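A.B. asks: Mind looking over this structure? Questions follow.
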Amino acid sequence: MEFEVKREKLVLRAGKQKFEWHIEPRYWRNPLIYVGLLFLLPIVTYFLYPQMLPTIIDANLLAAIAIPLGWMTLGTGRMNFGPQFFIGAGGYAAALCSIHLGWPPAVTLLVAIVTGIIFGLLMSPLAILSGGLYYTLLTLLFPLVFLEVTFIYTDIFKGDTGLFGVAPMINVGSFTLNQLMICLLSLLMMLLYMFIVDKITRSKFSASLAAINDDEEVAAAMGVNVNKMKIISFAIPATMIAVIGWFYAHYYSTFSGITYLPLTFMLKVLMVSMIGGRVQIYGNVVGGYFIAFLELLLGMVVGDYAQVVFPIILLVLLLSLPEGLFGLYRKRRYREYLPTLHVRR
Amino acid sequence: MTEILRVNGVSKHFGGLMAVNDVSFSINQGETLGLMGPNGAGKTTLINLITGKYLTDTGDIQFMGHDITRLAPYKRCKLGISRTYQIPRPFPELTALMSVAVSALYGKDRENQSLEDAATEATHYLEFCGLFSKRNVLGKDLTLFEARGLELARALATTPKLIFVDEVMAGLNPGEAMKAVRLLERAKEEFGVTILWIEHVMAALMKAAQRVVVLHYGKKIAEGPPQEIANDPYVIECYLGSCHA
């Protein structure tokens with residue numbers, strides 16, 4: 001594997017494969033400003049209103065779930081309604097190893113990754129064997145079955161009380177400073193996911209994914225190994241989402257399936273994806289922050305009615321903004337080196 | 001002439017319906033073979049069997065010495081088999097350029113080819129099919145004629161040795177149909193491809209094909225030069241009824 005910078009392009013050669021990405025510093029200004037603002041937000045919040053730090057962490061993590069989910073949607077050509085299954089798998093694996101074996105977060109991260117890969121690979125044939133609504137219903141079912149399992153095997157998963165005593169991710173002595181550190185870490189994780197998925201959707205790999213998304217049969221007739229691409233696009237994002245489960249477990253020092261596996265959490269994740277715009281990587285960040293802050297605001301303004309008002313607002317937004325919030329921006333500032341990959345489903 | 005494709009006793013049934021029944025034929029390199037038959041005769045199913053959409057119930061398919069009977073569709077494509085569809089199926093949400101680039105990228109294993117290299121190559125095929133000016137138009141926004149051109153560009157970008165053309169003239173006006181036929185002839189000359197052409201328009205096949213195979217209710221009923229086929233009483237009966245035979 002070798003990297004080469006050639007005529008304002010970053011060229012990666014791996015065996016017989018070649019990948020190219022443009023490097024144009026004149027287009028770096030806006031992304032750098034936005035990333036700077038994202039880093040500035042928790043730091044300013046820490047000094048002015050530290051109670052809001054958990055909301056920012058939530059926003060970062062929601063975006064970090066929606067970003068790989070976008071890749072999964074594009075590459076399998078199907079909408080997964082149960083990404084929280086992998087959060088549960090990664091979270092429980094990390095929490096159980098931390099509590100029973102006393103493993104530190106760095107080691108449980110590896111456990112969460114391995115769990116994500118195993119479950120991702122085991123479930124990936126779903127994307128090949130079942131299509132459309134059947135796939136959606138099956139993926140919707142898995143987290144609910146997992147939730148039932150956590151209730152049945154209470155001695156292992158501790159049912160609705162959850163697992164307590166997971167080693168904290170960071171401990172610098174002060175609670176608010178801990179929150180700031182975790183917030184920055186969640187932001188770094190979200191940016192890393194954004195970078196990875198962005199590079200993938202701009203590589204030649206994405207061309208096959210977009211073709212699969214449009215018409216699997218034609219894609220196969222044009223030489224695309226559809227099954228291989230689907231398995232890759234299912235297993236890797238599943239692993240990325242499982243790592244978020246690890247993050248939740250060590251962030252709260254507790255992990256309970258009832259928090260992440262029910263439909264309410266799934267609704268939030270899907271809304272991030274829809275509001276931001278499907279497979280719009282930057283849109284997912286906008287969507288994540290929008291949903292997290294909308295939830296906070298509604299909680300403060302309408303109290304318990306938030307549970308009713310929240311979905312209504314989201315439904316209205318979905319109907320009025322079919323391309324998501326980020327779609328509005330993209331329409332005004334359209335710039336692509338290669339034509340955009342659209343998503344049908 | 002070298003034989004490029006051999007189909008031996010291929011059959012396929014869907015439930016109680018025998019769609020293709022013990023069909024055998026071969027295609028020589030550089031040849032244009034016409035495949036005709038009334039609606040429901042099993043022409044498209046036969047193509048689907050050769051390109052790998054369906055697997056055969058019996059029989060085998062040999063392509064350039066390889067047994068491709070059980071091969072996955074993408075592997076058949078990489079060996080040099082490509083196709084167009086009766087009802088055009090462009091990638092609706094991909095631009096014309098990206099659609100052809102996908103074929104250029106994956107149609108054949110090429111070393112050191114990035115997406116941009118493929119896009120550059122795709123422009124050549126789009127230009128050939130007269131669609132360069134439409135390169136940034138989404139597949140769903142193309143006209144029927146343009147969509148057919150895009151399908152041909154996409155098929156050619158896989159650098160095929162054998163192309164299946166499924167009713168290229170269907171739905172086109174006479175002027176467009178003639179353009180499409182000329183495009184196929186040029187493709188054959190320029191890229192040296194062998195063509196298996198399904199068509200109902202006999203005049204087109206009479207001009208372009210060296211041989212014609214006729215299917216009826218999934219069975220091969222005739223094979224030979226177009227002139228001979230056009231005068232075959234059984235073929236006429238199948239198409240027009242016994243009073244015309």
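The values are calculated or read from the model by the stated rules, or taken from the named source; none is laboratory data. All figures in this text were calculated on a predicted structure; none of them were measured in a lab. So basically every Cβ, Gly included, is an ideal-geometry build from the backbone, and we count neighbours across all protein chains shown.
A.B. asks: Being out of contact with any helix residue (DSSP H, G or I) (no Cβ under 6 Å at 6 or more places or on another chain), more than 10 Å from every other protein chain (Cβ to nearest Cβ), farther than 16 Å from B:F191 by Cβ and assigned to a helix (DSSP H, G or I): is that true of B:T120 here? Spell out how you get there, then give the answer.
C.D. replies: Values: out of contact with any helix residue (DSSP H, G or I) (no Cβ under 6 Å at 6 or more places or on another chain): yes; more than 10 Å from every other protein chain (Cβ to nearest Cβ): yes; farther than 16 Å from B:F191 by Cβ: yes; assigned to a helix (DSSP H, G or I): yes.
Yes: the conditions hold for B:T120.
A.B. asks: In addition: Residues B:G130, B:G149: which one is more than 23 Å from B:E31 (Cβ to Cβ), more than 10 Å from chain A (Cβ to nearest Cβ), outside any helix (DSSP H, G or I) and out of contact with any strand residue (DSSP E or B) (no Cβ under 8 Å at 6 or more places or on another chain)?
C.D. replies: B:G130
A.B. asks: Check B:F132 against each of (1) among the hydrophobic types (A, V, I, L, M, F, W, C); (2) surrounded by 18 or more Cβ atoms within 10 Å (Cβ to Cβ); (3) farther than 17 Å from A:E216 by Cα and name the one condition it does not meet.
C.D. replies: (2)
A.B. asks: What tally of residues in region B:185-199 results from selecting those that are buried (at least 21 other Cβ atoms within 10 Å of the Cβ) and not in a strand (DSSP E or B)?
C.D. replies: 3
A.B. asks: Of the conditions (1) without any contact (Cβ under 8 Å) to a residue 60 or more places away in the chain; (2) of a type outside the set (A, V, I, L, M, F, W, C); (3) crowded, with 19+ Cβ neighbours inside 10 Å, A:T108 clears all except one; give me its number.
C.D. replies: Going through (1) without any contact (Cβ under 8 Å) to a residue 60 or more places away in the chain; (2) of a type outside the set (A, V, I, L, M, F, W, C); (3) crowded, with 19+ Cβ neighbours inside 10 Å one by one, A:T108 breaks only (1).
A.B. asks: Give the residues of region B:200-209 that are touching a residue at least 60 places away in the same chain (Cβ under 8 Å) and in a loop (DSSP other than H, G, I, E, B), sorted by residue number.
C.D. replies: Filtering region B:200-209 for residues touching a residue at least 60 places away in the same chain (Cβ under 8 Å) gives B:200, B:202, B:205, B:208-209.
B:H200, B:A209, listed by residue number.
A.B. asks: With the condition kept exactly as written, say whether any residue in region A:287-298 is within 19 Å of A:A59 (Cβ to Cβ), part of a helix (DSSP H, G or I) and in contact with a Lys or Arg (Cβ under 7 Å, 6 or more places away or on another chain). Quick ask: steps written out before the conclusion?
C.D. replies: Filtering region A:287-298 down to residues within 19 Å of A:A59 (Cβ to Cβ) leaves A:287-298.
Still in the running and part of a helix (DSSP H, G or I): A:287-298.
Now drop any that are not in contact with a Lys or Arg (Cβ under 7 Å, 6 or more places away or on another chain), which leaves A:291.
Checked against the condition, which is being within 19 Å of A:A59 (Cβ to Cβ), part of a helix (DSSP H, G or I) and in contact with a Lys or Arg (Cβ under 7 Å, 6 or more places away or on another chain), region A:287-298 yields at least one hit.
A.B. asks: Still on this structure, please answer the following. Looking at A:T340, A:T259, A:T254, which is the one that is of a type in the set (S, T, Y), surrounded by 14 or more Cβ atoms within 10 Å (Cβ to Cβ), more than 19 Å from the chain's Cα centre (by Cα) and modelled with pLDDT of 80 or more? Reasoning before the result, please.
C.D. replies: Details: A:T340 fails: modelled with pLDDT of 80 or more; A:T259 fails: more than 19 Å from the chain's Cα centre (by Cα).
Among A:T340, A:T259, A:T254, only A:T254 is of a type in the set (S, T, Y), surrounded by 14 or more Cβ atoms within 10 Å (Cβ to Cβ), more than 19 Å from the chain's Cα centre (by Cα) and modelled with pLDDT of 80 or more.
A.B. asks: Also, I was wondering about something else. Can you confirm whether region A:113-132 contains a residue that is closer than 17 Å to A:F157 by Cα and buried (at least 21 other Cβ atoms within 10 Å of the Cβ)?
C.D. replies: Step one: list which residues in region A:113-132 are closer than 17 Å to A:F157 by Cα, which gives A:115.
Adding the requirement that they be buried (at least 21 other Cβ atoms within 10 Å of the Cβ) leaves A:115.
Checked against the condition, which is being closer than 17 Å to A:F157 by Cα and buried (at least 21 other Cβ atoms within 10 Å of the Cβ), region A:113-132 yields at least one hit.
A.B. asks: Check whether at least one residue in region A:214-223 is of a type in the set (V, I, T) and either at pLDDT below 90 or within 30 Å of B:A157 (Cα to Cα) (or both), and report yes or no.
C.D. replies: Kept after step one, since they are of a type in the set (V, I, T), are these residues of region A:214-223: A:218.
Pick out the ones that are also either at pLDDT below 90 or within 30 Å of B:A157 (Cα to Cα) (or both) and you get A:218.
Among the residues of region A:214-223, at least one is of a type in the set (V, I, T) and either at pLDDT below 90 or within 30 Å of B:A157 (Cα to Cα) (or both), which makes the answer yes.
A.B. asks: I've got another one for you. Are any residues in region B:72-108 of a type in the set (D, E, K, R), crowded, with 22+ Cβ neighbours inside 10 Å and more than 7 Å from chain A (Cβ to nearest Cβ), and if so, which ones?
C.D. replies: If the condition is that a residue be of a type in the set (D, E, K, R), crowded, with 22+ Cβ neighbours inside 10 Å and more than 7 Å from chain A (Cβ to nearest Cβ), then B:R76 is the only one that fits.
A.B. asks: Return the residues of region B:210-228 that are closer than 30 Å to B:T58 by Cβ and either part of a helix (DSSP H, G or I) or among the hydroxyl-bearing types (S, T, Y) (or both); say none if nothing qualifies.
C.D. replies: Result: B:Y217, B:P226, B:E228.
A.B. asks: Looking at (1) touching a helix residue (DSSP H, G or I) at 6+ places or on another chain (Cβ under 8 Å); (2) away from every other protein chain (no Cβ under 14 Å), which one does A:T264 not meet, given that it meets all the others?
C.D. replies: Checking A:T264 against (1) touching a helix residue (DSSP H, G or I) at 6+ places or on another chain (Cβ under 8 Å); (2) away from every other protein chain (no Cβ under 14 Å), the one that fails is (1).
A.B. asks: Then there is this: Could you list all residues from region A:293-337 that are under 25 Å from B:E116 (Cα atoms) and modelled with pLDDT of 60 or more? Step through it out loud before you land on a result.
C.D. replies: Taking region A:293-337 first, the residues under 25 Å from B:E116 (Cα atoms) are A:330-331, A:333-337.
Selection gives A:R330, A:K331.
A.B. asks: Just need a number here: residues in region A:211-270 that are closer than 19 Å to A:D58 by Cα, touching an Asp or Glu at 6+ places or on another chain (Cβ under 9 Å) and either among the aromatic types (F, W, Y) or assigned to a helix (DSSP H, G or I) (or both).
C.D. replies: So the answer is 3.
A.B. asks: What residue, of A:K199, A:K228, is out of contact with any helix residue (DSSP H, G or I) (no Cβ under 8 Å at 6 or more places or on another chain) and touching a residue at least 24 places away in the same chain (Cβ under 8 Å)?
C.D. replies: Going through A:K199, A:K228 in turn, the sole match is A:K199.
A.B. asks: Which of the strands (runs of 3 or more DSSP E) found entirely inside region A:1-83 contain at least 2 residues meeting this: surrounded by fewer than 10 Cβ atoms within 10 Å (Cβ to Cβ)?
C.D. replies: Working: elements: A:2-6, A:9-14, A:17-22.
Once the strands (runs of 3 or more DSSP E) in region A:1-83 are filtered for at least 2 residues that are surrounded by fewer than 10 Cβ atoms within 10 Å (Cβ to Cβ), what remains is A:2-6.
A.B. asks: Output yes when any residue across region B:147-165 is among the acidic types (D, E), surrounded by 17 or more Cβ atoms within 10 Å (Cβ to Cβ) and in contact with a helix residue (DSSP H, G or I) (Cβ under 7 Å, 6 or more places away or on another chain), and no when none is.
C.D. replies: No, because not a single residue in region B:147-165 is among the acidic types (D, E), surrounded by 17 or more Cβ atoms within 10 Å (Cβ to Cβ) and in contact with a helix residue (DSSP H, G or I) (Cβ under 7 Å, 6 or more places away or on another chain).
A.B. asks: Before we move on, is A:I200 modelled with pLDDT under 90, in a helix (DSSP H, G or I) and closer than 30 Å to B:R110 by Cα? Reasoning before the result, please.
C.D. replies: Working: modelled with pLDDT under 90: yes; in a helix (DSSP H, G or I): yes; closer than 30 Å to B:R110 by Cα: yes.
Taking the combined requirement at face value, the residue satisfies it.
A.B. asks: A further question follows. Examine region B:229-238 for a residue that is closer than 30 Å to B:L17 by Cβ, in a strand (DSSP E or B) and touching a strand residue (DSSP E or B) at 6+ places or on another chain (Cβ under 7 Å), and state whether such a residue exists. Before you say what the answer is, go through the steps one by one.
C.D. replies: Step one: filter region B:229-238 for residues closer than 30 Å to B:L17 by Cβ, giving B:229-230, B:232-238.
Adding the requirement that they be in a strand (DSSP E or B) leaves none.
There is no residue in region B:229-238 that is closer than 30 Å to B:L17 by Cβ, in a strand (DSSP E or B) and touching a strand residue (DSSP E or B) at 6+ places or on another chain (Cβ under 7 Å).
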